[in-house]
Amino acid sequence: MKDREFKKLKRRELLKLAPVLALGAFAIPKFQESLLKNGLAFSDWASSELFRQKHLAPTFGDSELTPFDKFPINGYDVEDPGVDFEKWSLTVSGAVKKPGDYKLEQIQALPRQRQNTRHVCVEGWDVIGRFGGARFSDFLNMIGADTTAKFVYVECADDYYETLDMATALHPQTLLCYEMYDLPLTREHGAPLRLNVPTKVGYKQAKYLTDLRVTNVVERFGYWEDQGYSYFYGL
Amino acid sequence: MGEEVIEIESAKGGDARRAAREHPWVVRFTHWVNAVSLFVMVGSGLQIFRAFPSFGAKIPQKNLLNWPKAYAIGGWLGGGLQWHLSFLWIYVASGLFYLAYEIFSGNYRQVLFVPSDIKGVWPMTRHYFLFGPKPVATEAYNPLQKMAYTSAIGLGVLSVLTGIAVWKPVQFSWLTWLMGGFHLARLWHFLVMWGILFFLFGHLAMVVLHGWNNFMSMWTGWKQDPDYISR
């Protein structure tokens, strides 16, 4: 082969690597945001495909529990939004047969489930806590929710808001939690009612619930999701 | 290993040179995609690590190291996660593409460290680190290179497995369990990254030492006058 031809051959081989340059799109400010948004959305889609409704999160023995005083309190705003327990009720709306205000006693009248499960924070730390409450699926049954709806959206006394996909809401370990470590929820842990979702990351476990809506349309998925966190974040 | 070899006539006359086709397109393509995605995975991974730079309890939290924000990708935890969760798919896809190609084409023989390579390890080590004589090269990669590349590929696989154990400790609870639990899975994921960076350090040092011709072979696939072809 002639020297000139060899140079040409090498150039041709080099050009064949041009597709690698497509990755450069991530460096262009104009495209970066939407590419990352799509990447996160793809991860969320894959996560929802990996989710198995009958697969239980690992549970732990009492000896493995993180002591209650070592269970971090992670409010996004205030540790105590000053909920008046006397007047408190959970306002239910959306695709349900029985909308309205539900008192804590009505939720506590449902079978109580207690579980020692892992709470994993998006930051990377984790603790094993003991949670007690009513199964979310029992409550959805009580309010006559349309379980073919896509989402359950909740709002909180501290203006936090969150959304669960219906499959997760119906998971047997998803609780409307009113107890931690066999004692009534303390204010800083979300009294009188919070979510406990062992199949999801920490910021999904909304505290101080006030409103619940069963719906197909959600305008804003959640406080942290709106800052750029994953919507699904299944563990 | 029979790499394709061609002879090149010199334009000005004189001796003919030879060139060997060392790297097929798939290897070169996935090498560079991997280089970019590894850079992003490490940079964004360190951003995620910054949010909880510890492997123990949250209360009390003992920080291991304070990684500077300037050397992390994404700006904040949420940004780091976006990069990490986007590029993991590119990282995994290029890795699978590479592995599938190596296995089905038989090209794995070029890099896979096998028992018959063991006897060549010491002479090569002596040459590299103790100024010993250079062993005769018979193939594209010497035993130490094969050992390094085989380890790097193994670390790549481990980086994904430990990553799954950290990301999906419920759906893949068996994997997390296999790694000794969630805390240890995070630690393995972190250590595997340092293992890869250790390889990368040696890899880049060797690229610098071996010069332009060697470097360009990962772009064009062709290497001129490699030492394992007798003239």
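Taking each residue of B:77-83 in turn, how many C-beta atoms of other protein chains fall within 10 Å of its C-beta, and what is the average? Please list the in-between numbers first.
Details: counts 7, 8, 3, 0, 8, 11, 6.
Average per residue, whole number: 6.
So what is the calculated 222 nm ellipticity per residue for chain B, using -39500 (n - 2.57) for each DSSP H run with n of 4 or more, over all residues, to the nearest 500 deg cm²/dmol?
Values: 6 runs with 136 residues, N = 231.
So the helix-based figure for chain B works out to -20500 deg cm²/dmol.
How many angstrom separate the Cα center of the range B:62-87 from the Cα center of the range B:143-175?
Distance between centres, Cα-based: 20 Å.
Taking a threshold of 29 Å on the Cα-Cα distance, which of the pairs A:103/A:200; A:97/B:168; A:98/A:150; B:69/B:168; A:98/A:204; A:2/B:119 fall above it? Before the final figure, lay out each step's value.
Numbers: A:103/A:200 26 Å; A:97/B:168 35 Å; A:98/A:150 18 Å; B:69/B:168 26 Å; A:98/A:204 25 Å; A:2/B:119 40 Å.
In this structure, A:97/B:168; A:2/B:119 exceed 29 Å between Cα atoms.
Can you list the GluC sites (Glu not before Pro) in the range A:33-105 that are in a DSSP coil and have 12 or fewer other beta carbons within 10 angstrom?
A:86
Where the Cα atoms of chain B are projected onto their three principal axes, how long is each span, largest first, in whole Å?
73, 36, 35
Taking the alpha-carbon distance from residue B:58 and a cut-off under 16 Å, which lysines remain once sequence neighbours fewer than 8 residues away in the same chain are dropped?
Cross-link targets: A:70.
For chain A, what does -39500 (n - 2.57) per DSSP helix run (n ≥ 4), summed and divided by total residues, give at 222 nm, in deg cm²/dmol to the nearest 500? All intermediate terms of the calculation are to be shown ahead of the outcome.
Working: 6 runs with 56 residues, N = 235.
The helix-only estimate for chain A comes to -7000 deg cm²/dmol at 222 nm.
With a cut-off of at most 13 other beta carbons within 10 Å, and DSSP calling the residue loop, which trypsin sites (Lys or Arg not before Pro) in the range B:19-68 qualify? Please list them.
On the way: sites: B:21, B:28, B:50, B:58, B:62; in loops: B:58, B:62.
Taking the range B:19-68 and a limit of 13 other Cβ atoms within 10 Å, the loop trypsin sites (Lys or Arg not before Pro) found are B:62.
List the lysines whose alpha-carbon lies under 21 Å from that of residue A:16, not counting same-chain residues fewer than 8 positions away?
Reachable lysines: A:7, A:8, B:223.
With the crude spin-label approximation of a point 7 Å out along Cα→Cβ, what separation in nm comes out for residue B:69 versus residue A:22?
Spacing of the two 7 Å Cα→Cβ label points: 3.5 nm.
For the residue pair residue B:208 and residue B:136, what label-to-label distance in nm results when each label sits 7 Å from Cα along the Cα-to-beta-carbon direction?
So the label points at residue B:208 and residue B:136 sit 3.4 nm apart.
Values quoted throughout were computed directly from the atomic coordinates according to the rules given, and no laboratory measurement underlies them. Small disclaimer: the values here were computed from a predicted structure and weren't measured. Glycine also receives a Cβ, built like all others from the backbone with ideal geometry; neighbour counts cover every protein chain displayed.
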